[in-house]
Amino acid sequence: MALQITESNFEEEVLKSPVPVLVDFWATWCGPCKMISPVVDQIATEMAGTAKVGKANVDEGGNQNLASRFGIRTIPTLLFFKNGELVDTIVGATSKDNIVARLRACM
C-alpha cells in the first residue's frame, strides 16, 4: 500500500528519502486517478525496500500547496524523486510498465 503523503511529511518521506520516491497526486473525484490507484498500490508493494511510493490527495488540507509548489495542473500527475530532486514526471494515466520503468530509471 502506498504511503499517504502530506505537506507535513513531504520533506521527511520524499526529500530526505535514501531511496527513489514516486508521488501520485490525485483526487477522489478524478476518474483516471481511480484507474491507476490500484496500479500505484501494486508498485508500492512490489518495490518496497528499493523505492518508496506515496499518494498526495490534492483536495486535502495543505496538499494544495504541494501541488502548487510542483506546478501540478492536471491529475493524476506522478512525480519521481531521487536524492530529494524531482527527476521525472508523468501527467495522466499510464501503464504499470511505464511507471515501473521510469521508477527503475531513478535507481
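A few points about this structure:
- Taking amide hydrogens as placed 1.01 Å from N in the peptide plane, the amide H of D88 sits under 5 Å from those of F80, each at least 5 positions away in sequence or on another chain.
- Measuring nothing but protein heavy atoms, the accessible surface of the chain at 1.4 Å probe radius is 51 percent carbon and sulfur.
- Phi-derived couplings, Karplus 6.51 cos²θ - 1.76 cosθ + 1.60 at θ = phi - 60°, listed residue by residue for the stretch 89-99: 9, 10, 10, x, 5, 8, 7, 4, 4, 5, 4 Hz, with x used for Gly and Pro.
- Solvent-accessible ranking of T94, T45, largest area first, probe 1.4 Å: T45, T94
- The residues of the chain expose on average 51 square angstrom of accessible surface per residue, using a 1.4 Å probe on protein heavy atoms.
- Residue-count net charge about T50 - beta-carbon cut-off 15 Å; Lys, Arg +1, Asp, Glu -1: +3
- Of (i) 28; (ii) 23; (iii) 53, the label for percent of Cα pairs over 21 Å apart derived from the coordinates: (ii)
- Within the chain, helix-based [θ] at 222 nm, where runs of 4 or more DSSP H residues each add -39,500 (n - 2.57), nearest 500: -9500 deg cm²/dmol
- About the Cα centre, charge dipole magnitude for the chain (Lys/Arg +1, Asp/Glu -1 at Cβ), debye: 260 debye
- Long-range amide H partners of K52 with built H, under 5 Å: V21, L22
- Measuring nothing but how far apart in sequence close Cα pairs (under 8 Å, 6+ apart) lie, relative to its length, the chain scores a relative contact order of 36 percent.
- Cysteines not pairable in the chain (beta carbon separation under 4.7 Å absent): C106
- Neighbours of N98, meaning other residues whose beta-carbon lies under 14 angstrom from its beta-carbon, give a summed charge of 0 when Lys and Arg score +1 and Asp and Glu score -1.
- Of the residues M1, M35, M47, the one with the largest accessible area comes first in the ranking M1, M35, M47, computed with a 1.4 Å probe on protein heavy atoms.
- Qualifying lysines (Cα of each under 25 Å from Cα of K16; at least 8 residues distant if same chain): K52, K55, K82
- HN-Hα J in Hz across the stretch 2-16 - Karplus 6.51, -1.76, 1.60, θ = phi - 60°, x for Gly and Pro: 6, 6, 8, 9, 10, 4, 6, 10, 4, 4, 5, 6, 10, 5, 9
- Listed values for the stretch 67-77 are Karplus-derived 3J(HN,Hα) couplings in whole Hz (6.51 cos²θ - 1.76 cosθ + 1.60, θ = phi - 60°), namely 4, 5, 4, 9, x, 7, 10, 10, 10, x, 10, and x replaces Gly and Pro.
- D97 accessible area, assembled protein chains, probe 1.4 Å, Å²: 120 Å²
- Alpha carbon centroid spacing (whole Å) that separates the stretch 29-59 from the stretch 1-17: 13 Å
The values are calculated or read from the model by the stated rules, or taken from the named source; none is laboratory data. These numbers come from a predicted model, not from an experiment. Please note: Cβ atoms are built from the backbone with ideal geometry, for glycine as well, and neighbour counts cover all protein chains shown. The accessibility values were calculated without ligands, DNA or RNA, using every heavy atom of the protein model including side chains. Shrake-Rupley method; radii C 1.70, N 1.55, O 1.52, S 1.80 Å.
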